[in-house]
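The values are calculated or read from the model by the stated rules, or taken from the named source; none is laboratory data. Predicted model only: the values in this text are computed from it and were never measured. So basically every Cβ, Gly included, is an ideal-geometry build from the backbone, and we count neighbours across all protein chains shown.
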């Protein structure tokens, strides 16, 4: 059965009072501030940002079993004609990078990370015009083939008319409401990422879209000036 009882955000207030979480929060905030200061000091941060964005795109797409090489990426980036003739895996990586920058530009214009922004990121990644998966789409997570009970369904995502849209609008409100939801932005980012993956709004591309949302949200909240974090190296 689809998990249509997925709780709305915000989560229980207990998350703000968990000592272990607060200790990790202090450490993570310091590290993130250090990264941000060093990026600001660079005379031309875009060189670094573009390099890291490409690495992030490559590693992120590998999670989806899409593999390419550094040489193939560099050739495609430096030669527009090569990009047009590039293999599918290379194009997937480059689309991820473009989706990251598209999300960054959209944030500068709207100042909010809303449902339309998320749809734009997803469409750039998949090179499609489709949106949220249809109500009848049955999307499940199964155990891996190397695990005990391979192929067993372990989660069925929410499904039904307007249910996914309602959950996504709630997620957007949680991220953009800084008056009623006073949770630290880093904790909100973690909660929102979990919620996004639990909703699983698209039939494909949820992982890559979710990882870009993390970077865009860090910029939105001022914790990063540029989407420079290389998440997959952590």
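Listed here are the residues, each with its yes/no results for (1) within 16 Å of residue 216 (Cβ to Cβ); (2) at pLDDT 90 or above.
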| position | (1), (2) |
| --- | --- |
| 110 | yes, no |
| 146 | no, no |
| 168 | yes, yes |
| 171 | yes, yes |
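Take the residues of the range 121-145 that are more than 27 Å from residue 1 (Cβ to Cβ) and free of Cβ contacts under 8 Å to residues at least 60 places away in the same chain: which is surrounded by the most Cβ atoms within 10 Å (Cβ to Cβ)? Talk me through it step by step, then tell me what you get.
Step one: filter the range 121-145 for residues more than 27 Å from residue 1 (Cβ to Cβ), giving 121, 123-129.
Add one more test, that the residue is free of Cβ contacts under 8 Å to residues at least 60 places away in the same chain, and what stays is 123-124, 127-129.
Working: 123: 19, 124: 21, 127: 11, 128: 12, 129: 7.
Residue satisfying both the conditions and the ranking: 124.
Here is a check on your reading of the model: is residue 119 touching a helix residue (DSSP H, G or I) at 6+ places or on another chain (Cβ under 8 Å), under 28 Å from residue 58 (Cα atoms) and assigned to a helix (DSSP H, G or I)? First the steps, then the outcome.
Details: touching a helix residue (DSSP H, G or I) at 6+ places or on another chain (Cβ under 8 Å): no; under 28 Å from residue 58 (Cα atoms): yes; assigned to a helix (DSSP H, G or I): yes.
So residue 119 fails the test.
Just checking, which of 88, 73, 100 is modelled with pLDDT under 90, exposed (fewer than 14 other Cβ atoms within 10 Å of the Cβ) and closer than 21 Å to residue 212 by Cβ?
Numbers: 73 fails: exposed (fewer than 14 other Cβ atoms within 10 Å of the Cβ); 100 fails: exposed (fewer than 14 other Cβ atoms within 10 Å of the Cβ).
Result: 88 is the single residue among 88, 73, 100 that is modelled with pLDDT under 90, exposed (fewer than 14 other Cβ atoms within 10 Å of the Cβ) and closer than 21 Å to residue 212 by Cβ.
In the range 201-224, which residues are surrounded by 17 or more Cβ atoms within 10 Å (Cβ to Cβ) and outside any helix (DSSP H, G or I)?
Within the range 201-224, 201, 202, 205, 223, 224 qualify.
Go through the range 1-33 and give me each residue that's surrounded by 14 or more Cβ atoms within 10 Å (Cβ to Cβ), in a helix (DSSP H, G or I) and at pLDDT below 90.
Those that are surrounded by 14 or more Cβ atoms within 10 Å (Cβ to Cβ), in a helix (DSSP H, G or I) and at pLDDT below 90: 15, 16.
Going residue by residue through the range 182-200, is there one that turns out to be farther than 28 Å from residue 52 by Cα, over 17 Å from the mean Cα position of the chain (by Cα) and either surrounded by fewer than 19 Cβ atoms within 10 Å (Cβ to Cβ) or at pLDDT below 90 (or both)? Spell out how you get there, then give the answer.
Start the filter on the range 182-200 by keeping residues that are farther than 28 Å from residue 52 by Cα, which leaves 182-183, 199.
Next cut, over 17 Å from the mean Cα position of the chain (by Cα) only: 182-183.
Next, only the ones that are either surrounded by fewer than 19 Cβ atoms within 10 Å (Cβ to Cβ) or at pLDDT below 90 (or both) stay: 182-183.
Yes, the range 182-200 contains at least one residue that is farther than 28 Å from residue 52 by Cα, over 17 Å from the mean Cα position of the chain (by Cα) and either surrounded by fewer than 19 Cβ atoms within 10 Å (Cβ to Cβ) or at pLDDT below 90 (or both).
Just the residues that are at pLDDT below 90 and more than 23 Å from the chain's Cα centre (by Cα), please, taken from the range 41-55. Before the answer, list the steps.
First, the residues of the range 41-55 that are at pLDDT below 90: 42-55.
Selection gives 42, 43, 44.
Name the residues in the range 174-190 that are out of contact with any helix residue (DSSP H, G or I) (no Cβ under 7 Å at 6 or more places or on another chain) and either touching a residue at least 40 places away in the same chain (Cβ under 8 Å) or part of a loop (DSSP other than H, G, I, E, B) (or both), would you?
176, 177, 178, 179, 180, 182, listed by residue number.
Return only the number of the condition from (1) in contact with a helix residue (DSSP H, G or I) (Cβ under 7 Å, 6 or more places away or on another chain); (2) farther than 21 Å from residue 213 by Cβ; (3) at pLDDT 65 or above; (4) surrounded by 16 or more Cβ atoms within 10 Å (Cβ to Cβ) that residue 59 does not satisfy.
Residue 59 satisfies all of (1) in contact with a helix residue (DSSP H, G or I) (Cβ under 7 Å, 6 or more places away or on another chain); (2) farther than 21 Å from residue 213 by Cβ; (3) at pLDDT 65 or above; (4) surrounded by 16 or more Cβ atoms within 10 Å (Cβ to Cβ) except (2).
Evaluate the range 225-232: report whether one residue or more is modelled with pLDDT of 90 or more, surrounded by fewer than 21 Cβ atoms within 10 Å (Cβ to Cβ), out of contact with any strand residue (DSSP E or B) (no Cβ under 7 Å at 6 or more places or on another chain) and more than 24 Å from residue 7 (Cβ to Cβ).
The first filter runs over the range 225-232 and keeps only residues modelled with pLDDT of 90 or more, leaving 225.
Among the residues that remain, those that are also surrounded by fewer than 21 Cβ atoms within 10 Å (Cβ to Cβ) are: 225.
Then drop every residue that is not out of contact with any strand residue (DSSP E or B) (no Cβ under 7 Å at 6 or more places or on another chain), which leaves 225.
Going one step further and asking which of them are more than 24 Å from residue 7 (Cβ to Cβ), we end up with 225.
Looking through the range 225-232, at least one residue is modelled with pLDDT of 90 or more, surrounded by fewer than 21 Cβ atoms within 10 Å (Cβ to Cβ), out of contact with any strand residue (DSSP E or B) (no Cβ under 7 Å at 6 or more places or on another chain) and more than 24 Å from residue 7 (Cβ to Cβ).
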